[in-house]
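Working notes, beginning with the structure itself.
The values are calculated or read from the model by the stated rules, or taken from the named source; none is laboratory data. Only a predicted model underlies this, so the values are computations on that prediction, with no experimental measurement involved. Heads up, the Cβs are rebuilt from the backbone with ideal geometry, glycines too, and the neighbour counts pull from every protein chain shown. For accessibility, only protein heavy atoms count, side chains too; no ligands or nucleic acids. Shrake-Rupley method; radii C 1.70, N 1.55, O 1.52, S 1.80 Å.
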Amino acid sequence: MSSETEQTVFLSDYSPSPYAIEKVELEVEIAPEVARVHAWLTISPREGTAPGTPLVLDGDELMLDSIALDGAPLVLSAYASTPRALTLIEPPARRFVLETSVKLAPEKNLRLMGLYRSNGTWCTQCEPEGFRRITYFLDRPDNLAVYRVKMIADAALAPVLLANGNLVEQGDAGNGRHFAVWDDPFPKPSYLFAMVAGDLGSIHDEFTTMNGRKVALGIYCAHGKEDQCLYAMDSLKRAMAWDERRFGREYDLDVFNIVAVSDFNFGAMENKGLNIFNDKLVFAKPETATDADYANIERVIAHEYFHNWTGDRITCRDWFQLCLKEGLTVFRDQEFSSDERSRPVKRIEDVRVLRAAQFPEDAGPLAHPPRPDHYKEINNFYTTTVYEKGAEVVRMLATLLGEAGFRKGMDLYFERHDGEATTIEAFIKCFEDANGRDLRQFQQWYLQAGTPRLAVTENYDAGTKRYTLDFTQTNPPTPGQPEKQPMVIPVKFGLVGPNGAPATWTGVSGGNVADDLIVLDGASARITFEGVANRPVPSLLRGFSAPINLETNLSEADQLFLARHDSDPFNRWQALQEIATALLTRAARGMNWTGESVAALAAALAETVAAPGLDDAFKANVLGLPTEANIARVLASDVDPDAIHRVRVQLIEEIARQIAGALQAAYAAGSVDGAYSPDAAQAGKRALRQAALAFLVRGGVGGAAEIAARQYQAATNMSDRFGALAAIAANWTADAPALLADFRTRYGEDPLVFDKWLALSASPADDGALERVRAILAAPDFPRNNPNRLRALVGSFASGNPVQFARADGAGFRFVADFVADVDKRNPQVASRVLTAFRTFRTYEPVRRAAAEAALKNLADAGGLSRNVADILERTLSG
Ligand code: 0A1
Ligand code: ZN
């Protein structure tokens, strides 16, 4: 493996480019096999640039065809060109126009960065460094320019021609070709450039902004899928209205277009005025999309739309600031979903994702701060830390400042930085200035990696009526950061009195406490409450007010009390999770649980599921016991996935036996009358029904598997059908193979349903899983270049099947490593993402740890790896 240290980019090396590209005019001729890109770049030296300073433009796999300066061809000695760079040796010391032309081969572009072809449609992906695969450019986010692009293509092959901004001209281009000119008046970085050409269907609508401007909305897709875009359109309009209401943000162009494509490395992309989406995040109809798919579409449509202000109008100075747009925009989409659906349920679901994905990243060799200070490959930093932890940091800011204070800071941010490429520091400064607060220490959240641990011990003195909470914060070391500063941790809390009502106190000292918020900023603190009549049970970190690991000395009885009485729904859910996690982690270490503990947990679950006044979706979450991955994360060392799987199934069996009646009642109560609707209430009912069914089947309760099979056959929507099949597949019961085969044929060639089948085939823990996955992948017609298919199959196996991926014989590890080596030749982004499944390999018990390490070393020794894969591999092995 090449160590490639020379490739490392450091934040501390940031300096503005000596030149600025102010205006971009492109003429792109698109034809099968080849596209010709002609660019006219208006360039000025920045103030202070010494005359004669060379101008170096970025390229990636480019071949220069022609070059001219202010209309005159350049002599060979005036420039140097390679596939990766174009250098003007001595540019004029004044504004000039550089004209270049290059040819591209979109059909051969399997990396899906730059201009490529997906199912016949030409489309682009430029974030973070794809524009340099289209033309030589200052491909960095701090170069803001206005763009005008003329697209020319065969009128039959590509009747639809789209780019950023507004359509200003279109017409005939001769020889059966036509053209369109798009103009984007908003200065933007190159990563937001986009272009689409193809034969596409579309749906159209209109949105009237808060100031009465009409915006034409369009969603483009493969012909025949138009009716599956309606929910996305509805989500878009709701998102536009919400951003006006909640943040005062109005849309700014006359058109907003979305295009759904089948080959896409990520979820979607916020190109100015022309969002491009992975089609799985656009298409939905009840027969083929689950409730979760609908919720995801709503969320991502909103996310990309919200980027128009947090990302496009205000962008990032450099890629180290990625979290500036991503963390903030995830926070905004989480808030949107909370307002459109159930806030507590959304919070529980987001925290589940955070713990499942971000906490392990933060605890392993790939840990990095939300705002890293160096990277080798920026594509490897589109991580759950930048996105989800980034959103948590913004959420803490909102908690610390309160709703009004947070809004004041946001308003100032939009006012002060509109039209700029800026930094995390500038963002924080807006909240400081708007609120008169010092947030320097808070900023550590952006700079320090790792999940803080907060230990709390509580003590009540009946004699003095004094209640104390002792907090100790530790910040574990992470790669490159052995020592840490204490963080500012907002702990939302309540003291719950013996009857379940809030306990009161007459005085509090020893820390920063106001209303329901304790703010900790030192390594330790003792908070003392005076005049507390009886020993309360503390409900701490309500709503998961900080992304930390909280360790309390609360007893099982206290947790059960909170599960019943806490007024904070998040902590009610959390209390039950804690009890289950404690039982499961101890059992995985060979320490048996007591019958009383299991019975108490079972009773609390049954009671919660039957309780009136609680959200169905909340109850469904309560029935979702900690995942195997979560148990492994808490164990943190000497992990044996077989043991975890075994004890988890045992616990479910024991509980299911005890509360089968309550589960059956929940299942029965969850049936939905009337037509399918993806709304939160109906989806919640189905989720509860599904959770009860999964519990019953997994628990081996007599007749449950048959009920699931019947539900599978009778289902009239994908949520019910998929839910039943998932319950059956997870258990790998005798009829699982036949039902999966039925599922495979029932939906014909629908690729998004095929992905569901792939995932269900890859994730069961049975010993046949690896062979199944191998056989599917080896089929000659398996679409081996489509990221969705590859992720659904091998991604699900590597990240969603802990037992079989981490087989003790190492076969799972070897399979995934071989897959990574193979896919890397075509699509390094997909390859490196799959490889991150190894990030927790050092937490395995010795046999598996050695097997994983051998597979990784073997991959390294083979050589010829992309920078993407080499970077992940190197960090995984050295961390
Ligand atoms: N900015 C997009 C994420 C994205 C990143 C890279 C991509 O291609 C390699 C595509 C999309 C978002 O946050 O949705
Ligand atoms: Zn984003």
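Note on the chain: with neighbouring protein chains present and a 1.4 Å probe, carbon and sulfur make up 52 percent of its accessible heavy-atom surface.
Where does the Debye-calculated log10 I(q)/I(0) of segment 605-681 sit at q = 0.13, 0.15 Å⁻¹, using only Cα point scatterers of equal weight, no solvent? Here log10 of I(q) over I(0) equals -0.55, -0.69.
Sort 659-665, 868-874, 224-230, 754-760 by the packing proxy (mean of other Cβ within 10 Å over each peptide's residues), most packed first.
Values: 659-665: 19.1, 868-874: 23.9, 224-230: 16.4, 754-760: 21.6.
Answer by packing, highest mean first, reads 868-874, 754-760, 659-665, 224-230.
Would you mind classifying segment 357-442 by shape? Square roots of the alpha carbon gyration tensor eigenvalues, ordered a ≥ b ≥ c; an a/c under 1.5 is rounded, otherwise it is prolate if a/b is larger than b/c and oblate if not. Walk me through the numbers on the way to the answer.
On the way: a/c = 2.51, a/b = 1.68, b/c = 1.49.
Prolate.
Taken along the Cα-to-beta-carbon direction at a fixed 7 Å, the label points for residue 15 and residue 472 span 4.8 nm.
If you average 1/r over every pair of different alpha-carbon atoms in segment 631-749 and take one over that average, what Kirkwood value in Å do you get? Provide the component values of the computation, followed by the final result.
Values: mean 1/r = 0.0646 Å⁻¹.
Result for segment 631-749, one decimal place: 15.5 Å.
Antiparallel beta bridges, as assigned by DSSP with both residues in the chain, represent about 80 percent of the total such bridges. Rounded to the nearest Hz, the phi-derived 3J(HN,Hα) couplings of segment 822-837 under the Karplus curve 6.51 cos²θ - 1.76 cosθ + 1.60 (θ = phi - 60°) are 6, 5, 4, 5, 10, 9, x, 5, 5, 4, 5, 5, 5, 4, 5, 4, where x marks glycine and proline.
Spacing of the modelled spin labels on residue 250 and residue 33, each 7 Å from Cα toward Cβ, amounts to 5.1 nm.
Can you classify segment 743-879 as rounded, prolate or oblate using the Cα gyration tensor, where a ≥ b ≥ c are the square roots of its eigenvalues, rounded means a/c under 1.5, and otherwise it's prolate if a/b beats b/c and oblate if not? Working shown, then result.
Values: a/c = 2.29, a/b = 1.42, b/c = 1.61.
In terms of gyration-tensor shape, oblate.
Where both bridge residues fall in segment 230-360, DSSP classifies roughly 25% of the beta bridges as antiparallel.
The phi torsions of segment 552-558, fed into the Karplus equation with coefficients 6.51, -1.76 and 1.60 and a -60° offset, translate into couplings of 10, 9, 6, 7, 4, 5, 4 Hz, rounded to whole numbers, with Gly and Pro shown as x.
Return the ratio Rg/(2.2 N^0.38 Å) for segment 754-802, where Rg is computed over Cα atoms only. Walk me through the intermediate numbers first.
Working: Rg = 9.7 Å, N = 49, 2.2 N^0.38 = 9.7 Å.
Compared with the compact-globule rule of thumb, segment 754-802 sits at 1.01.
Taking only the alpha carbons of segment 380-495, we obtain Rg and Dmax values of 17.5, 62 Å in that order.
Between the amide H of residue 316 and those of 422, distances stay under 5 Å, these residues lying 5 or more places away or on another chain, with hydrogens modeled in the peptide plane.
With θ taken as phi - 60° and the Karplus curve 6.51 cos²θ - 1.76 cosθ + 1.60 applied, the whole-hertz 3J(HN,Hα) list for segment 447-459 is 9, 9, 8, x, 8, x, 9, 10, 9, 10, 10, 10, 8 Hz, x standing for glycine and proline. Residues in the chain average 37 Å² of solvent-accessible surface per residue, probe 1.4 Å, ligands and nucleic acids excluded.
Classification of segment 317-412 by its C-alpha gyration tensor yields an oblate form. The axis ratio a/c (a ≥ b ≥ c) is 1.5 or more, and b/c is at least a/b.
In angstrom, the C-alpha Rg and Dmax of segment 280-354 are 13.8, 44. Over segment 178-221, the pair-distance histogram of Cα-Cα distances with 5 Å bins from zero comes to 5, 13, 17, 22, 25, 16, 3, 0 percent, rounded to whole numbers.
Computed over the chain, the quotient of the alpha carbon radius of gyration and 2.2 N^0.38 Å is 0.97. Report note on the peptides 51-62, 232-243: ranked by the mean count of other C-beta atoms within 10 Å, highest first, their order is 232-243, 51-62. Separation of segment 683-704 and segment 808-840, taken as the distance between their Cα centroids, equals 34 angstrom. Reducing segment 1-71 and segment 314-371 to their Cα centroids gives an inter-centroid distance of 32 Å. When the alpha carbon gyration tensor of segment 175-283 is reduced to an equivalent ellipsoid, the three semi-axes, largest first, read 23, 18, 15 Å. Rounded to the nearest 500, the helix-only mean residue ellipticity at 222 nm of the chain stands at -12500 deg cm²/dmol, with each DSSP H run of n ≥ 4 adding -39,500 (n - 2.57). Across segment 177-321, C-alpha contacts under 8 Å between residues 6 or more apart give a mean separation that, scaled by the residue count, equals a relative contact order of 24 percent.
Roughly what percent of Cα-Cα pairs across segment 66-190 reach past 18 Å? Don't jump to the answer; show the numbers that get you there.
Values: 4934 of 7750 pairs.
Tail of the P(r) past 18 Å holds 64 percent of the pairs.
Overall shape of segment 541-685 was characterised from the C-alpha gyration tensor. The equivalent ellipsoid obtained from it has semi-axes of 26, 18, 16 Å, in decreasing order.
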